[in-house]
Each structure stands twice: as C-alpha cells, then as structure tokens.
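The values are calculated or read from the model by the stated rules, or taken from the named source; none is laboratory data. Please read these numbers as outputs of a predicted model, since none were measured by experiment. Glycine also receives a Cβ, built like all others from the backbone with ideal geometry; neighbour counts cover every protein chain displayed. Ligands, DNA and RNA are stripped out before the accessible areas are found, and what is left, the full protein with its side chains, is counted by its heavy atoms. Shrake-Rupley method; radii C 1.70, N 1.55, O 1.52, S 1.80 Å.
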Amino acid sequence: MQSADVLIVGGGPAGMAAAAELARLGLSALLVEQRDQLGGAIYRRFAGAGDTPVNLPSHHRKHRDALAQGIAQAAARVLPMLQSVLIGVDGEGRFLIDSRPLGRVVGVRPKAVMLALGTVEQVLPREGWELPGVVTVGGMQVQLKETGEVPQGPILLAGNGPLLMALAAQLASAGNPPVAVLERGQPVVAALRHAGVAANALRSWPNVAEALSYGNRLLRARIPYRTGWAVESIRAVDKGLVVGSRHVGGLYREYLVRHVALHDGLQPNTTGLPTADGPGIVRIGDCREVLGAQAAVLDGRRGAQALARHLGRSVQPETQLDLAIARLRRTQQAVAQLFEAPLIVPTPDTVICRCEGLRRADFEQLQVAGSAHELRLVGRFGMGACQGRFCAQAVSELAHANGLEFNAAELNGDVLRWPMRPVSLAALANYTDLDALFLPTAN
C-alpha cells in the first residue's frame, strides 16, 4: 500500500478544510485527530443522541456542515485517524502516531506535513487558580457541548475577551446563568475613545450578529456584565469558593460560588513545534495565527494549495483567500484592541507552576538560575506533566522582570522531551509501519 501524500495533524476547521482541498487537487491525506470526532473544540458535537444542546450560531453551523460535506466527498482520498496523537519523529524521518483504537504506534513517511493544532487557552496566574472548582472558560464550554450537563451551583465567569459572553449566554440557555461576568477590559470605553478601531471590529456582520445575540441573552437572563473588574484571589470555604475581585477604580467585591471559569485569551498551540515552517511542513489555522474558525478554514485551503505546489502540482494561488484572511485579521486585531486590559501581577503566594506547586516566592528565591534550562533543572519550573504548557508564559515574564532574557518557547518547546504525549509501552512494542495498513492512494 502507498502512504498518504500528506499527513495532517489536527481535525479542526483548518485540518478538515486542508484535507478536502488536497483531495480536490488529487492528493491523499491522513487526517490525525486526538478526539473521536472531527470538528475541533468549536464544532464539538454532543456525545449523546442528536446534536449538541448548545446553540451554535447560524454561520458556525453553515461552516461546520460545509466542512463535514467536504470530508464526505473526499472519502476516497482522505483517511481520518481518530483517537490518535502524534508523539514524535524518529531518526529516520518516520512520524510516529499513537493509535488508541489500534492499540499500537504506527509510523508513516508522508511527502509533506500540515500542522493544524489549534489554540491554547491562556489563563493568567491568580491566587487560588489551582483550586478544585476553578476551570477555564473553554474547558467548561467544551464540557457543556459534549455532555449537555450544566455545572450545578453558582458560577462566576471572569477574565478577558468575547468568549466570556458566549459561555454566559450558553449557560443561561442551558438553565444555569452565571451570577456575573467580570471582564478585565473596558470595551465600551475603548470604543468611545477609538471610533476607527470600533468601526473595524464591526466590519464582520456574522461576528456582530453573534455578539448581539449573546448580549441579548445576558440581558434577558439579567446576568451582570461588569467591565474593568479583575479577579484578585480565590479561596476555598465550606460552602464553595470566595472570589475577591477589584475594579480598576479601586472598588473591591466578593462572590460566593461553586465554580469559577477563567479566560485570558487564546494563543497559537506551538508547543514542541519548530519555530518556522520548513520545506514540506506547514502550519495552518489557529496554531499559526489565532483568527477564528472562518479564517482557519481559509488558511487550511491556502496551506493545502501551497503544499500541492511544493509537491509539483500546478495550482494557481487564490488571491481572494489572502484578501479574506487579511480582512478577518483586521477584525480580530480591532477586537483585541477593544478588549485590551491591564495584566495581572501575581502575588508572592500565587502558584505559577501548577504541576510542581511552585509559587512566585519560589521563583524569587532562585539565585543560580540564569537560563531557561537552569530554571527547569534548579527550580523545576516547567518540569511537570504539562512540560511548561501552562506556566511557560508566566515564568518567562517573571524572568524578564528579573533581568533574564528568554521566551516561553525556550522553557517548553525547544526542550520538549520525546514522546510529546504519554504512550503505553504495549503500544510501542506493537509498532508497525502504516504502509502495512490500508490507506487511500493518489492516482
């Protein structure tokens, strides 16, 4: 059997669009996805019977259905490999994939690779953010989409960005509206000060309509949406969690809740990836630049066309793709400016590295760590199970404040240990080349 022409890692919007486009151009693709379904977090489907109980805006439903149809039409050239993860590349250039359904690690030698790994949700360290009952907004949203179950008891949403409003509206529709939404930024104030920025943010009508629908749901459910408020601390008590918050003007307020969902933006998922694309290796979608699902679809198609040209296919560039992505980039940049907010400065008692339980005070006490490597070895920052995925950004900012010059990638990506994801010894012992298994072939 002949291996697929292209290995695509990630079955979200970008990966699905790229696979369908490659098939249209006469190339075959192996589409590796860690979940048991394609679609990524944004198009996560309900695990039970029927569709997700979370209302999906019409433009998202349209894009989701179009992607699913594209994959179905490309079935002869696209092999989805679900519940599987890329764990590394061996010395002979084989890409090693841990297939949970097969119970083995398989190796494949594609002609080219597309990385569509999506985003990583950013949460800034605050006192108590490591406590049980504190989750990310994205995590709570995915749980709601997949299980249809609403967390019981009072919920507080806090942080920065439009995703807070989306989850608040979805929780309200599911029957448990949050007690409040605390937004660190002041988007209305920013819009009044910068009319041009606001105009750019309003250029995308589907996004505007989605935001208006969320705002309307918050109003109907009487959910307070408080801007300029930041969570300072979270502490556990017998009845749940006490959340201390402070306004930019100095006012202080506490909430007694059962759950806290935090969110401080999205970053490209670049952990373990090379710092730049190379010949035959292309990053697409949000792991290249966080611009949203619609842009990820366009970028997946654009990346597929670029790889097709690299593989010798005669493909004319679609200038409309570049123009459309540029428009979406301007919109996202404007939204980011509207929601711009002061950073949260961790206190000495704030946990920085959750895996190792290390606090800012532990960082400040280090005297001999002068590099990212020494911080790992001496201070154990970034040495836990997540290998710096959660703490790298915060540690690099603390290091910069203390005169140490290195970035987050040096703490995790450049020294990521193989395998990149946990894998059983039984799966490794059962290794086989994927050429021995059925794959679609290109004619």
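Here are the numbers:
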quantity	calculated
Inter-centroid distance (Cα atoms) of the stretch 19-35 relative to the stretch 201-221, Å	34
Charged-residue dipole, Cβ positions (Lys, Arg, Asp, Glu), the stretch 160-292 about Cα centre, Debye nearest 20	440
Percent carbon-and-sulfur accessible area, the chain, ignoring ligands, DNA and RNA, probe 1.4 Å	54
Net charge of neighbours whose Cβ lies under 11 Å from the Cβ of GLY228, counting Lys and Arg as +1 and Asp and Glu as -1	+2
Residue-normalised accessible area of the chain, given per residue in Å² at a 1.4 Å probe	47
GNM flexibility winner over the chain from ALA401, ALA341, ALA68 (Cα, springs under 10 Å)	ALA401
Answer label, with Cα extents along the principal axes in Å calculated from the coordinates and candidates (1) 68, 53, 43; (2) 67, 42, 37; (3) 80, 68, 44	(1)
Residue-averaged [θ]222 nm for the chain, counting only DSSP H segments that reach four residues, each worth -39500 (n - 2.57)	-10000 deg cm²/dmol
Farthest positive-ward along the chain dipole, Cα basis, beta-carbon charges - from LEU338, ALA199, GLY388	ALA199
The chain: antiparallel DSSP beta bridges as a percent of all, rounded to 5	50
Antiparallel DSSP beta bridges within the stretch 1-151, percent to nearest 5	45
Separation between Cα centres of the stretch 252-283 and the stretch 108-174, rounded to whole Å	10
Dipole magnitude of the chain about its Cα centre (Cβ charges: Lys, Arg +1; Asp, Glu -1), debye to nearest 20	1100
Ordering of 327-333, 184-190 by burial proxy (mean other Cβ atoms within 10 Å per residue, highest first)	184-190, 327-333
Net charge of neighbours whose Cβ lies under 13 Å from the Cβ of PRO187, counting Lys and Arg as +1 and Asp and Glu as -1	+1
Among GLN186, THR147, ALA168 the positive-end extreme of the charge dipole of the stretch 134-220 (Cβ point charges)	GLN186
